[in-house]
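Have a look at the structure below, then the notes.
The values are calculated or read from the model by the stated rules, or taken from the named source; none is laboratory data. Small disclaimer: the values here were computed from a predicted structure and weren't measured. Neighbour counts run over all protein chains shown; Cβ positions are idealised from the backbone, glycine included. Side chains are part of the model used for accessible areas, which takes the heavy atoms of the whole protein and leaves out ligands, DNA and RNA. Shrake-Rupley method; radii C 1.70, N 1.55, O 1.52, S 1.80 Å.
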Amino acid sequence: MDILLIFLISCFSYSNWFLGKSMLDRPLITGTIVGLAFGDLASGCIIGATIELALMGAQGIGAAAPPDVISGGILGTAFAIISHSDAGAGVALAIPISMLGMVIRNFCYIVLIPLINRAADGYAERGDVDGVCRTHLISSFFGFIIPQALYVTAAYALGAPVMEGVLAAIPEFVQHGLTVAAGILPALGFVILLRTIMDRKLLPYLIFGFVLSAYLGLPILGVSLIAAGIVLLMVFKDRESAVAATASVEGDDDEF
């Protein structure tokens, strides 16, 4: 019964994009759901929140591929609950599991989904819009959601000791490399994103924000509030300039 519940929770969490970015994939949500399904809601909330703190920076920014927080959140919480361990044990399992899940997710993106979506090209040539839409839905389920859910379910069925053995079999330098890569990927994503939007007019704001965060120790919320204030000032200034320009044009028309 637990295995079926894990499979259903996995399918539900990996479907979070169907209604937009609903945040159903975050460990805070998946841990709570696992705790509810396993009859220990309090532990699920605590462990899920702890894993969320550890994986809070795992966001897809630019072209960076973050760790798979869904598999880490579900399995870390489930293994910690059934073994009556604390939140620290859940985090210790969640991080390497999420890194392995990232590899499987990338395999789905690179191999399975394009393989299934080839059929959409034929539908597009024939002008069959419904066929294209149907192919994308099929590829989403059978090229991404189901394979990922099967990975999570199989990992749970094998048990924590087997997963720990699999992870331990990975060479230390590979695990260290994955950990380092997970740390620099968000920065790489920011760089790739900045390359598409950055110009000389925005450079002073980037330096200003960096100084506030790195040297003055201002938290992200404080930097964000300052940025919001600067944006509002710019908007109000542009509106005043537009009103003044309109009034000037109307005054020139009155002279004629």
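Worth a mention:
- Between Leu225 and Arg118, the simple spin-label model (points 7 angstrom out along Cα→Cβ) gives 5.6 nm.
- Among residues other than Leu194 with Cβ under 15 Å from its Cβ, the summed charge is +2 (Lys and Arg +1, Asp and Glu -1).
- If R0 is taken as 22 Å, the Cβ-Cβ distance between Phe210 and Lys237 corresponds to a FRET efficiency of 0.35.
- HN-Hα J in Hz across region 139-152 - Karplus 6.51, -1.76, 1.60, θ = phi - 60°, x for Gly and Pro: 5, 5, 6, 8, x, 9, 5, 5, x, 5, 5, 5, 4, 5
- Per-residue SASA entry for Thr135, accessible area with 1.4 Å probe, Å² rounded to 10: 10
- R0 of 35 Å, Cβ-Cβ distance Ala154-Lys201: FRET efficiency to nearest 0.05: 0.10
- Convex hull (Cα only) mean projected area of region 1-160, reported in nm² to one decimal: 9.5
- Heavy-atom accessible area ranking, 1.4 Å probe, most first, across Lys237, Lys201: Lys201, Lys237
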